[in-house]
Amino acid sequence: MKRRALTGLIAIAAIAMVLLLAGCVEKEEPAPPTTTPITYTPTPEPTVTPTTTLTEKPTSTPAPTPAIAITAPKDDDKAPEEMTGTFVLQVTDQPSAIGDFDQLNVTVSEVRLHKAGNETNETGEWMILEPSNHTFDLTKLQDGNVTTIVNESIGTGEYTQVRLIVESTKGLVNGTMVDVAVPSDTLKIVKSFTITENQTVTFIFDIHVVKAGKKYNLVPVIGKSGVVMK
């Protein structure tokens, strides 16, 4: 009897011990499933090859620009001289109203010649000559008498026109001063002539004085003007 009771107590004690141990042991939680982490691989940026900048490396201090030396031209370096001929301009007066005058002085300030154009200068050019005799009396230039107002060396070539620029006129009729007009203060002859090398060309410029009412005018006479043929 006592042995059974002891066995029962031992069994009860064992059960209590088991229960006590079971309460002390924590229930193990299952481990969470392992998730593979997502790896972000960055997209590689395009490789930019740097452009090589070309820079000049100064090798040395730049030398100063040399000054231009001006030397006197040698005889062989001189430009060829222009070929020339001699131009002689004479003035005369054919019979007209000049018989009314006791004196008729004409003063020319300059003589202009027009040289014909060429391939480089289509319009040509004007040449201005200084008269050696500025003033002449037309009453003394009748019956073939002439006076030279220009005698100069000019360039060879063809010329197309001669102009006299008249500065003033002084007419005397029966002891009285009268006005003698020159339209535009210019007397011109449009007639071609040629200057050749080392040759003399004499051009006669014929002037008439004409009466219109009570007025007098100076006019050039183209038909009787031109180069004297020798």
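Out of all the residues in the stretch 200-213, is one or more buried (at least 16 other Cβ atoms within 10 Å of the Cβ), in a strand (DSSP E or B) and in contact with a Lys or Arg (Cβ under 7 Å, 6 or more places away or on another chain)? Walk me through how you get there before you give the answer.
Step one: of the stretch 200-213, the residues buried (at least 16 other Cβ atoms within 10 Å of the Cβ) are 201-209.
Among the residues that remain, those that are also in a strand (DSSP E or B) are: 201-209.
Narrowing the set further to residues that are in contact with a Lys or Arg (Cβ under 7 Å, 6 or more places away or on another chain) leaves 206.
The answer is yes, given that some residue of the stretch 200-213 is buried (at least 16 other Cβ atoms within 10 Å of the Cβ), in a strand (DSSP E or B) and in contact with a Lys or Arg (Cβ under 7 Å, 6 or more places away or on another chain).
So is V162 surrounded by 12 or more Cβ atoms within 10 Å (Cβ to Cβ) and closer than 30 Å to T123 by Cα or not?
Criteria met by V162.
Tell me which residues, restricted to the stretch 134-163, are outside any strand (DSSP E or B), on the phi > 0 side of the Ramachandran plot and not charged (D, E, K, R).
Selection gives G144 alone.
Looking at this structure, is V190 in a strand (DSSP E or B), in contact with a strand residue (DSSP E or B) (Cβ under 6 Å, 6 or more places away or on another chain), free of Cβ contacts under 8 Å to residues at least 40 places away in the same chain and aliphatic (A, V, I, L, M)?
In short, yes.
Say we look at the stretch 68-112 and pick out the residues that are small (G, A, S) and at pLDDT below 60; which of these is nearest to V201 (Cα to Cα)?
Filtering the stretch 68-112 for residues that are small (G, A, S) and at pLDDT below 60, the one nearest to V201 (Cα to Cα) comes out as A79.
Please tell me if T139 is buried (at least 16 other Cβ atoms within 10 Å of the Cβ), hydroxyl-bearing (S, T, Y) and touching a helix residue (DSSP H, G or I) at 6+ places or on another chain (Cβ under 7 Å). Quick ask: steps written out before the conclusion?
Details: buried (at least 16 other Cβ atoms within 10 Å of the Cβ): yes; hydroxyl-bearing (S, T, Y): yes; touching a helix residue (DSSP H, G or I) at 6+ places or on another chain (Cβ under 7 Å): yes.
Answer is yes for this residue.
List the number of the failed condition for I128; all other conditions in (1) surrounded by 12 or more Cβ atoms within 10 Å (Cβ to Cβ); (2) of a type outside the set (S, T, N, Q); (3) modelled with pLDDT of 95 or more hold.
Tallying (1) surrounded by 12 or more Cβ atoms within 10 Å (Cβ to Cβ); (2) of a type outside the set (S, T, N, Q); (3) modelled with pLDDT of 95 or more, I128 fails exactly one: (1).
What are the residues in the stretch 133-146 that are hydroxyl-bearing (S, T, Y) and at pLDDT 95 or above, if any? Spell out how you get there, then give the answer.
Let us first name the residues in the stretch 133-146 that are hydroxyl-bearing (S, T, Y), namely 135, 139.
Matches in the stretch 133-146: T135 only.
What number of residues in the stretch 167-184 are closer than 15 Å to G99 by Cβ and without any contact (Cβ under 8 Å) to a residue 12 or more places away in the chain?
The total comes to 0.
The values are calculated or read from the model by the stated rules, or taken from the named source; none is laboratory data. Note that this is a predicted model, so its numbers are computed, not measured. In this analysis, Cβ positions are derived from the backbone assuming ideal geometry, glycine residues included, and neighbour counts consider all displayed protein chains.
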